[in-house]
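This report refers to the structure that appears directly beneath it.
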Amino acid sequence: MFDIDRMPRGGPDASWLDRRLQTDRLEYLDRDDVERRKRSIIRSLDRGERLFGIHRRLARIALDEVTGVRDPQILELGSGHGGLSRALLTMHPTARVTVTDIEPASVAAIEAGDLGSHPRATVREMDATAIDAPDGYYDLAVFALSLHHLPPPLAARVFAEGTRAADKLLIIDLSRAPSFLHLVMVALALPLTIIPYWHDALISSLRAYSPSALRALARYADPAITLELRRQAPVLPGSPQIAVAVRHRRRGAQILS
Ligand SMILES: C[S@@+](CC[C@H](N)C(=O)[O-])C[C@H]1O[C@@H](n2cnc3c(N)ncnc32)[C@H](O)[C@@H]1O
C-alpha cells in the first residue's frame, strides 16, 4: 500500500540525490514563536510580488480558468497578504473573492486594509485542508505559493478539499529544480540563510513538490481527480509550476472527504 507519509517531495520515483534534497525543517512562516519575523516575511513577499508583477500574472492564470463563468466565485486559500485576491478583483469586474488564510494575524491584517471593505471581497480564516464551504460552492479555488508548506498527507487533503468545495482547484507553487542544479543552488544559497527571507526561500526549494509528487498527491486524495500540469515558459529555476485539479463527480454521488 502507498505510504503517503513517506513520499519524497520529488515523488514516488525520486532519485537518490533528490530524496536527500528535502527537509522537515520549518520555515519561519510555519512557526508560532516568531510572529514579528513572520509578518515581515509576508510583507517582503507582497512587496517582491508587486514589484515583479507576480500578483497580476498569477491572477491572469487564475482568471483564464473561469473564462466561461459569468460572475465567478473564487476562493483564495493561503492568501498571506491578499495581493493575488486584490489583483483578481481589479482584473475582473464582477468576480467575488473569498480571501482566506489559516493565520489569524494575516487575516486580521488583510481585513484591516482595503480588502476588508471591498464590496466583492469576503475575508475569513480558513484551513485549506478543511474548507468550510458546501460541495461545489466555488467556481475556482486557488492555493498560490503555499502547497510546499504542507507535508504530503495534508497536501493530499488540499486536493480532496479544494476539488470538493470548488469546481476547479488551481495550485501554483514553486517548481522543484532538477537535482544537480538544486544541489548547486542550495550550496550557493546557504550563506544567505542568515537573512530570514532567504532562510525560508531555501527551505521552500527543498520542500517543493515535483510534478510526479503532485500527481501522486491528487491520486491519493481521490482517483476520480484529474490533474493537468502546466508550466509557463521559460522554465527557469524558481519559476512557478501550475496544476489544475478537477474531480469528476459521479451523478447523484455525495463527496465524502
Ligand atoms: C509563502 S506564503 C504565500 C502567500 C501568498 N499566497 C503568496 O502567493 O505570496 C504561504 C501561506 O500559506 C498559508 N498556509 C499554510 N498552511 C495553510 C493551510 N493549511 N491553510 C491555509 N493557508 C495555509 C500561510 O499562513 C501563508 O500565508
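Computed from the coordinates by the stated procedures, all read-outs in this text should not be read as laboratory data. Small disclaimer: the values here were computed from a predicted structure and weren't measured. Please note: Cβ atoms are built from the backbone with ideal geometry, for glycine as well, and neighbour counts cover all protein chains shown.
Among the chymotrypsin sites (Phe, Trp or Tyr not before Pro) in region 132-230, which ones are in a DSSP loop with at most 16 other Cβ atoms within 10 Å of the Cβ? Mind listing them? Kindly include the intermediate steps, with their values, before the conclusion.
Working: sites: Tyr137, Tyr138, Phe143, Phe159, Phe180, Tyr197, Trp198, Tyr209, Tyr220; in loops: Tyr137, Tyr209.
Qualifying residues, ordered by number: Tyr137.
If you average 1/r over all unlike Cα pairs in the chain and invert the result, what Kirkwood radius do you get in angstrom? Before the final figure, lay out the partial values.
Working: mean 1/r = 0.0537 Å⁻¹.
For the chain, the Kirkwood estimate is 18.6 Å.
Taking R0 as 45 Å, what FRET efficiency do you get between Leu192 and Tyr137 from their Cβ-Cβ distance, rounded to the nearest 0.05? It would help to have the intermediate numbers written out before the result.
On the way: r = 42 Å, r/R0 = 0.93.
Approximately 0.60, to the nearest 0.05.
Bin width 5 Å, origin at 0, all Cα-Cα pairs of region 1-123: what percent of pairs per bin?
Each 5 Å bin holds this share of Cα pairs: 2, 10, 17, 16, 14, 13, 13, 9, 4, 1, 0.
Using only the alpha-carbon atoms of region 72-225, report the extent along each of the three principal axes, biggest first, to the nearest angstrom.
Principal extents (Cα only, largest first): 47, 39, 26 Å.
Once the Cα gyration tensor of region 149-212 is diagonalised, what are the square roots of 5 times its eigenvalues, in whole Å and ordered largest first, as equivalent ellipsoid semi-axes?
28, 13, 9
Filter the chymotrypsin sites (Phe, Trp or Tyr not before Pro) in region 1-41 down to the DSSP loop ones having no more than 10 other Cβ atoms within 10 Å, then list what survives. Let's see the in-between values first.
Numbers: sites: Phe2, Trp16, Tyr28; in loops: Phe2.
In loop regions of region 1-41 (DSSP not H, G, I, E or B), the sparsely surrounded chymotrypsin sites (Phe, Trp or Tyr not before Pro) are Phe2.
So if R0 is 22 Å, what FRET efficiency would Thr23 and Arg230 give, r being the distance between their Cβ atoms, rounded to the nearest 0.05? Numbers along the way, then the final one.
Numbers: r = 27 Å, r/R0 = 1.23.
Working from the Cβ atoms, E equals 0.20.
Trypsin sites (Lys or Arg not before Pro) within region 60-93: which are DSSP loop residues with at most 14 other Cβ atoms inside 10 Å?
Working: sites: Arg60, Arg70, Arg86; in loops: Arg70.
Those that pass, being in a loop and sparsely packed, are Arg70.
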